[in-house]
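Beneath this line is the structure, given in structure tokens, with notes to follow.
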């Protein structure tokens, strides 16, 4: 069977590629705990690849996937070049800056924010339509409630410690039903339609995880996304059309972990994403080419970029991507320094057609991280901070 046709079949264990990444058990467990804990929005813990930015396209052989089913007629096998982003300006975000690190999430356009109330533990604040309001009644659980994602209507998802998981919509919290035997939930995303995604963890006699979808049309019924027996799956982001991106992981008998980048459709279809040509386990801190964000046809991950329509896969070096827009422009950080303790600071930047454009910064807050990019890439939100811990929320407007 042709490779392109092979990738469109429903997953089976023998469809999976050979091992590409060697991760030890401690790193994997630590990453799970980090995602389920109270994540600091302003922190930058990822190790960035140093050196000149280089992009290598993979458009032939096993590194080319068939177009996403239903994406339309096949056109060029090469994506259209992204338009220039234009000049960008920086301003304070409309939410009040905080004196200590707290979790902040924003919708894609950077118009709606949800954060923890620093003065009243357990409550949340939402900034929307020009005003800030306190959200009471957060479901109690193993810890304080933390929002994970918000959409343009102001609906947001989160969890209280390990669980329960919940969604806040139209002034009411609703606890989400979970698949059987779930020990903990890490909520990840909500799209404009209201589809929800997260990752379920099983601790009682199991060491696997499962990507979970709550479709907007039937949120009383969680759907476990297609995962081969013996493998784990993890959801990372969801597009407005319901496409979920994430990855599969599998521990082999001798210890290494196989990582397979994935996309799932609302119709239950599952698609392997290709590993870029030239990829080696040493790229992106040996973490593997797993997706972390999606916008339109474009998917970005740790050291890689994919186009779902054309099936192309590319290696990205020198920039730690965090977000992508509908044109395939990448938004993330470039390294500023590498201290003796091995951590890396970064400056927000955008990658366009292989060129990196640093975003403007405040002189007294030269570092930062991004947590929201609009679909057209013109509005970016994040934090700007200094190593001493002082930080503020920021917004960038581009293309004017």
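One residue alone among 228, 180 is in contact with a helix residue (DSSP H, G or I) (Cβ under 7 Å, 6 or more places away or on another chain) and at negative phi, and that residue is 228.
Here is a check on your reading of the model: is residue 212 at pLDDT 90 or above, in contact with a strand residue (DSSP E or B) (Cβ under 7 Å, 6 or more places away or on another chain), within 30 Å of residue 378 (Cα to Cα) and part of a strand (DSSP E or B)? Answer is no for this residue.
Matching residues to (1) more than 16 Å from the chain's Cα centre (by Cα); (2) part of a strand (DSSP E or B); (3) surrounded by fewer than 24 Cβ atoms within 10 Å (Cβ to Cβ); (4) at pLDDT 90 or above:
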position: 310; (1), (2), (3), (4): yes, no, yes, yes
position: 318; (1), (2), (3), (4): yes, no, yes, no
position: 323; (1), (2), (3), (4): no, yes, no, yes
position: 326; (1), (2), (3), (4): no, no, yes, yes
position: 331; (1), (2), (3), (4): no, yes, no, yes
position: 335; (1), (2), (3), (4): yes, yes, yes, no
position: 341; (1), (2), (3), (4): yes, no, yes, no
position: 346; (1), (2), (3), (4): yes, yes, yes, no
position: 351; (1), (2), (3), (4): yes, yes, no, yes
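Could you tell me how many of the residues in region 294-317 are on the phi > 0 side of the Ramachandran plot and touching a strand residue (DSSP E or B) at 6+ places or on another chain (Cβ under 7 Å)? Number satisfying all stated conditions: 1.
Yes/no matrix, rows are residues, columns are (1) outside any loop (DSSP other than H, G, I, E, B); (2) surrounded by 23 or more Cβ atoms within 10 Å (Cβ to Cβ); (3) modelled with pLDDT under 90:
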residue: 240; (1), (2), (3): no, no, no
residue: 266; (1), (2), (3): no, no, yes
residue: 280; (1), (2), (3): no, no, yes
residue: 294; (1), (2), (3): yes, yes, no
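For (1) modelled with pLDDT under 95; (2) closer than 16 Å to residue 370 by Cα, each residue gets a yes or a no:
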site: 93; (1), (2): yes, yes
site: 129; (1), (2): yes, no
site: 132; (1), (2): yes, no
site: 136; (1), (2): yes, no
site: 154; (1), (2): no, no
site: 161; (1), (2): yes, no
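The values are calculated or read from the model by the stated rules, or taken from the named source; none is laboratory data. The structure displayed is predicted, hence computed values, not measured ones. Glycine also receives a Cβ, built like all others from the backbone with ideal geometry; neighbour counts cover every protein chain displayed.
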